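The values are calculated or read from the model by the stated rules, or taken from the named source; none is laboratory data. Quick caveat, the model's predicted, so the values are computed rather than measured. We place every Cβ from the backbone using ideal geometry, glycine too, and count neighbours over all the protein chains shown. All accessible areas refer to the heavy atoms of the entire protein, side chains included, with ligands and DNA or RNA removed. Shrake-Rupley method; radii C 1.70, N 1.55, O 1.52, S 1.80 Å.
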Amino acid sequence: MKTHFIIFLIIIFTSSLNFPQNKNGVMSEVKNNEVKIKLHRLIEFNDSNAKSNNKFLVADITIENISNQSIEMGAEYTMSITIKDAGGNEYRSGLKGEGIVSTYLTRSNSEEQDQKAHNLSFSDKFPAKTKARSLLCGFQVPKDAKIVSFGVKKKDMWSPIK
């Protein structure tokens, strides 16, 4: 009986390891004739710089130029990446988001930033047929916010979050 209980606990523990977000999975994706943007993870962290009853989220994102010409990625797409909660409230990363990402990276021992990919994602000359993945956007949201949608507001591109 004791052996069965131990095996049961091992199975429960092992299966619980599968619940965290898959680092390479895709939670949401938006696409048009120029770009494909994938949200892989939203990493939650708390910081004293967050407003009362708020938390920070850092988005792990891949941006891909699927067109045959360079794109002004930063101004046209990256700076307009937005998430929405179940109440319809929108949270845009913008310039404040850069500070949130920086704060997270300073405090995290397990994450590293691909700085070249990060800089390219804000570029005014993102090359054709090129892909870049980085911890790209930071958001400050209420602690109880249920994030349900991801997109690029400026382009009216939205997708639900799985």
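Checking every residue in region 69-87 against the condition of being open to solvent by 40 Å² or more (accessible area, probe 1.4 Å), touching a strand residue (DSSP E or B) at 6+ places or on another chain (Cβ under 6 Å), modelled with pLDDT under 95 and at negative phi gives zero matches. Name the residues in region 26-49 that are more than 17 Å from Leu105 (Cβ to Cβ) and either in a loop (DSSP other than H, G, I, E, B) or over 9 Å from the mean Cα position of the chain (by Cα) (or both), would you? The answer is Val26, Met27, Ser28, Glu29, Val30, Lys31, Asn32, Asn33, Glu34, Val35, Lys36, Ile37.
For the structure I just gave you, tell me whether Leu95 is at negative phi, hydrophobic (A, V, I, L, M, F, W, C) and part of a helix (DSSP H, G or I). Answer is yes for this residue. Pairs meeting the criteria (first residue in region 142-162 and farther than 26 Å from Asn53 by Cα, second residue acidic (Asp, Glu) and at pLDDT 95 or above, beta carbons under 6 Å, at least 6 apart or on different chains) are Ser159/Glu29.
Among the candidates Lys96, Lys55, the residue that is surrounded by 15 or more Cβ atoms within 10 Å (Cβ to Cβ), among the basic types (Lys, Arg) and either free of Cβ contacts under 8 Å to residues at least 12 places away in the same chain or over 18 Å from Ser123 (Cβ atoms) (or both) is uniquely Lys55.
Please find, within region 134-158, the residue that is nearest to the chain's Cα centre (by Cα) out of those that are surrounded by fewer than 17 Cβ atoms within 10 Å (Cβ to Cβ) and either among the β-branched types (Val, Ile, Thr) or not in a strand (DSSP E or B) (or both). Looking at the filtered set, the residue picked out is Val148. With respect to the conditions (1) outside any strand (DSSP E or B); (2) of a type in the set (D, E, K, R); (3) in contact with a strand residue (DSSP E or B) (Cβ under 7 Å, 6 or more places away or on another chain), Lys131 falls short on a single one, namely (1).
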